[in-house]
Amino acid sequence: MPRHIAVLIFPEFQLLDAAGPIGAFEVAHRLAGGAYDIVVTALDPGLVASSSGASMQAQPMPDGPLDTLLVAGGNGTRELVHCQRTRALIQARAPGARRVASVCSGAFLLAEAGLLDGRRATTHWHRCPDFARRYPQVRLEPDRIFVRDGGVWTSAGITAGIDLALALIEEDLGAEIARQTAQQLVVYHRRPGGQSQFSALVEMGGASGRFARLLAWMRDNLARRLTVEAMAEAAAMSPRHFARAFQAETGLTPAKALERLRLEVARERVEASAEPIEQVAAAAGFGDPERMRRAFLRAFGQPPQALRRAARV
């Protein structure tokens with residue numbers, strides 16, 4: 001029996017938030033011989049215009065049981081968080097679905113429906129500060145490409161919906177079908193790195209982006225011994241002037257920024273791979289696994305092994 005997937009869209013949805021996962025499920029459906037039945041649905045069926053102006057044809061929400069309810073994101077979520085009908089629809093259909101997922105700012109709609117209370121979740125890096133203010137009861141993880149907490153999945157912005165869909169496909173059909181699907185889509189099966197590739201480097205680069213290039217260089221050279229002097233040399237500044245200017249620009253000391261980059265890279269490798277912890281510590285520049293463990297406890301409240309186990313639940 002095919003798994004029934006309902007993709008919920010709305011006026012001003014982000015087209016790729018819906019089309020990306022749909023494309024992934026379509027390829028997996030062909031590879032696995034009829035694995036999925038996909039319906040695009042909306043509160044008000046018919047042609048629904050995306051934020052680009054291109055439209056999708058939406059059907060009424062199916063009456064039967066759903067395997068997966070997937071909620072798209074986009075500019076329309078800014079208004080839709082106030083829509084009681086949308087909240088009621090999600091609250092009515094989510095309990096009967098095996099799993100619920102959101103792409104990008106679709107996480108706002110899941111949070112409004114109360115589905116993320118007490119859970120780990122993520123959303124587009126640009127919307128994370130607003131999300132954290134609105135929903136302090138949600139354990140927001142801003143640097144994740146996607147997060148699974150039980151039967152609820154959330155993803156980062158836009159193309160991360162494809163990463164999410166590949167993970168769902170792997171859960172359903174196995175790693176080989178997910179890998180073949182990724183090959184057909186010409187994307188990573190498991191994308192390396194977190195949103196920090198796109199958000200944290202920009203965020204720490206400051207408003208002017210003065211140190212954005214340096215931060216990218218630091219991230220590419222984490223395994224090296226990156227002293228303040230080495231960073232200052234890469235920035236073509238004296239160490240004393242560099243330390244003052246860097247903190248004024250980013251709000252962090254060079255050492256704190258370096259540790260943040262190391263933590264982001266190490267966490268992604270811990271959760272997304274089976275690499276030995278010692279190897280992860282070396283690649284991220286911690287050197288000593290015990291040093292990395294202490295950094296994880298300070299930042300995440302859990303050691304690396306606990307985060308690895310949680311990512312596989």
**Request:** Work from the charge dipole of the chain (Cβ charges, +1 for Lys and Arg, -1 for Asp and Glu, about the Cα centre) and give the residue of 102, 31, 11 farthest towards its positive end.
**Result:** 102
**Accessible surface, per residue, of the chain when the full set of protein chains is kept, probe 1.4 Å, Å²** = 46
**Item:** Mean-position separation - Cα centroids, region 111-170 and region 245-266, in angstrom
**Value:** 24
**Prompt:** Ignoring ligands, DNA and RNA, what percent of the 1.4 Å accessible area of region 97-178 is carbon and sulfur?
**Reply:** 54
**Asked** What is the spin-label model distance, in nm, from residue 47 to residue 252 if the labels are put 7 Å beyond Cα along the C-beta direction?
**Response** 4.7
**For region 13-138, with +1 on Lys and Arg beta carbons and -1 on Asp and Glu, the positive-most of 137, 77, 64 along the dipole** = 137
**Item:** Label point distance in nm, residue 91-residue 79, each placed 7 Å from Cα along Cα→Cβ
**Value:** 2.2
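How high is the FRET efficiency from residue 57 to residue 278, r the C-beta distance, R0 45 Å, rounded to 0.05? Don't skip to the end; give the middle numbers.
Details: r = 53 Å, r/R0 = 1.18.
About 0.25, to the nearest 0.05.
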**Prompt:** In debye to the nearest 20, how big a dipole does region 105-154 give about its Cα centre with +1 on each Lys and Arg Cβ and -1 on each Asp and Glu Cβ?
**Reply:** 60
**Message:** Nothing charged except the Cβ atoms of Lys and Arg (+1) and of Asp and Glu (-1): what's the magnitude of the dipole of the chain about its Cα centre? Round to the nearest 20 debye.
**Reply:** 940
**Prompt:** Which one of 166, 222, 116 has the biggest mean-square fluctuation once the chain is modelled by GNM with Cα springs under 10 Å?
**Reply:** 222
**Item:** 11 Å beta-carbon shell around residue 29, net charge (K/R +1, D/E -1)
**Value:** -1
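So, R0 is 45 Å and r is the distance between the beta-carbons of residue 183 and residue 309; what FRET efficiency does that work out to, to 0.05?
Numbers: r = 29 Å, r/R0 = 0.65.
Computed FRET efficiency for residue 183 and residue 309 comes out at 0.95.
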**Prompt:** For the chain, modelled as a GNM with alpha-carbon contacts under 10 angstrom, which of 39, 48, 228 fluctuates the most?
**Reply:** 228
**Item:** Rel. contact order, % - alpha carbon contacts under 8 angstrom, at least six apart, the chain
**Value:** 13
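Using only helices, what value at 222 nm comes out for the chain when you add -39,500 (n - 2.57) per DSSP H run of length 4 or more and divide by the total residues, to the nearest 500 deg cm²/dmol?
-14000 deg cm²/dmol
The values are calculated or read from the model by the stated rules, or taken from the named source; none is laboratory data. Remember, it's a predicted structure, so these values are computed and weren't measured experimentally. Please note: Cβ atoms are built from the backbone with ideal geometry, for glycine as well, and neighbour counts cover all protein chains shown. We work out accessible area using only protein heavy atoms, side chains counted, and drop any ligands, DNA or RNA first. Shrake-Rupley method; radii C 1.70, N 1.55, O 1.52, S 1.80 Å.
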